[in-house]
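Reading through the structure tokens given below for one structure.
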Amino acid sequence: LIKINHTEFTKIGIMNSSVKYFLQALMKYNKNFYQIKSNTEIFKRIKAERNHIGYYNLPYQDTADIKKYATSITKKHIVVLGIGGSSLGARAIYEFLLPSNNYSKVLLFLETVDPLKINHCLKKVDLNDAQFVIISKSGETIETISIFKYLNSLVEINSTNCTIISERKSSLTQFANDNNIKAFDLSEDVGGRFSVFSVVGLVPLAMVGVDIDNLLNGCKRVADSFFEKSDYYKPIIRKARFLVENKSRFNINVVFSYSSLLESFNKWYVQLWAESLGKINVNGTRQALTPIGLVGPVDQHSFLQLIMDGVRDKTVTFIKIEDLKDGSVIPKASSNKFDKLAWDRIEGYSFNELLNMQADATIQSIQEQDDIPCDIISIRTVDEYNIAKIMFSYQLLVSCIGAFLQINTYDQPGVESGKTNLAEKFSKKS
């Protein structure tokens, strides 16, 4: 082969079309990598998404109709039939708020077709004093429809005890209209895993007494700040960029939440992250950031060992709650009963202090390794405003990561193929 010096060609001015064709004949070229865009370009893309991705605009919605309807529900048990994005977000908020609030109603989520789990949950419910909230974006979710039909065999579900949330054109909404059941329309441009601040989350939460306006205030605080390039912008865009630029090395992303109140938040995060970011990008390459949700201090005694001494393929985000709204204290001993037990110095500290001291000790251990990327999120207190801020921040973070990766953040073709296969199995049996 002839060695060609491209510089010399350009110097003597003969880099014409015939030379280009000659170069192309020598070597075929294609690529499966992509250029990571600038922060400015990604921000422009995210701003443009506001025109067709509905979750961005949810913080600014009018909640008057939702609140009016919610006050008309007098049943003690609010039973949500939904799975994935139809339940995880509302459950994360409810279980975060529940221990520090005295709700007069009980919110229950039926998310599985495991009969043992279904019937165990139903033992806690007076079905004659229950409002059933049926949630399915498509209206065709097999788990939701199956449980709906099963419950109807136990108690008649009708316009007096049922609320339906689905897309306007779905068969589930049509069922509601045919049976005079109250239906809330879920906009087609709001994806299930991004729907927590739509009617999907707000309706059942309002029914039990959650302050949904304060939830949206938290979302607005983050959204306004991000799109005005204020204090939320840089942490979100920089973290997204870091994760994408280092995805080959650190492809496992751990959220380490130091409170059991955040256990359902972790599950919500796992779905949001995995279903949004496990995609094939514009160049046909497979992208994968793998989410893991841990709860401290429980997982200090298991997964922390893997983080500390295992392969350096993980980033860690710690989430702490400054004020748990519970001042329970480890009492000082009034006798010598516990003299031979360890940790006498812990007496007089609150459990809230102990929990955050454990978090700080673990964070220090990670930081001392000096080669494990980590960051820390502090939630000020347990209320609607603060849980909404962190959840909306994560939605924005996922959108930014998706834009950097050049994927469709909002579809789920891998999940849909499983649904197609299941439908075919039923077709063969019928």
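The values are calculated or read from the model by the stated rules, or taken from the named source; none is laboratory data. If you're wondering where the values come from, they're calculated on a predicted model, not measured in any experiment. Neighbour counts are summed over all protein chains in view; Cβ atoms, including those assigned to glycine, are modelled from backbone coordinates with ideal geometry. To get the accessible areas, we keep the full protein, side chains included, count just its heavy atoms, and leave off ligands, DNA and RNA. Shrake-Rupley method; radii C 1.70, N 1.55, O 1.52, S 1.80 Å.
Return yes or no: is THR160 among the hydroxyl-bearing types (Ser, Thr, Tyr) and over 17 Å from LEU422 (Cβ atoms)? Answer is yes for this residue. In the set (1) open to solvent by 30 Å² or more (accessible area, probe 1.4 Å); (2) touching a Ser or Thr at 6+ places or on another chain (Cβ under 7 Å); (3) of a type outside the set (Gly, Ala, Ser), LYS332 fails one condition alone, (2).
Taken over the stretch 314-329, residues that are open to solvent by less than 60 Å² (accessible area, probe 1.4 Å) and basic (Lys, Arg) amount to 2.
Kindly indicate whether any position in the stretch 395-402 is among the hydrophobic types (A, V, I, L, M, F, W, C) and at pLDDT below 95. Scanning the stretch 395-402, I find no residue that is among the hydrophobic types (A, V, I, L, M, F, W, C) and at pLDDT below 95, so the answer is no. Scan the stretch 88-116 for residues that are of a type outside the set (S, T, N, Q) and closer than 15 Å to THR144 by Cβ and the total you get is 9.
Answer yes or no as to whether ALA206 is surrounded by 22 or more Cβ atoms within 10 Å (Cβ to Cβ), over 18 Å from the mean Cα position of the chain (by Cα) and either closer than 26 Å to LEU97 by Cβ or of a type in the set (Phe, Trp, Tyr) (or both). Yes, satisfied. Scanning the stretch 66-117 for residues that are in a helix (DSSP H, G or I), of a type in the set (A, V, I, L, M), more than 21 Å from LEU262 (Cα to Cα) and under 24 Å from the mean Cα position of the chain (by Cα) turns up just one, ILE66.
In the stretch 110-121 there is at least one residue that is open to solvent by less than 20 Å² (accessible area, probe 1.4 Å), within 28 Å of ASN386 (Cα to Cα) and touching a strand residue (DSSP E or B) at 6+ places or on another chain (Cβ under 8 Å).
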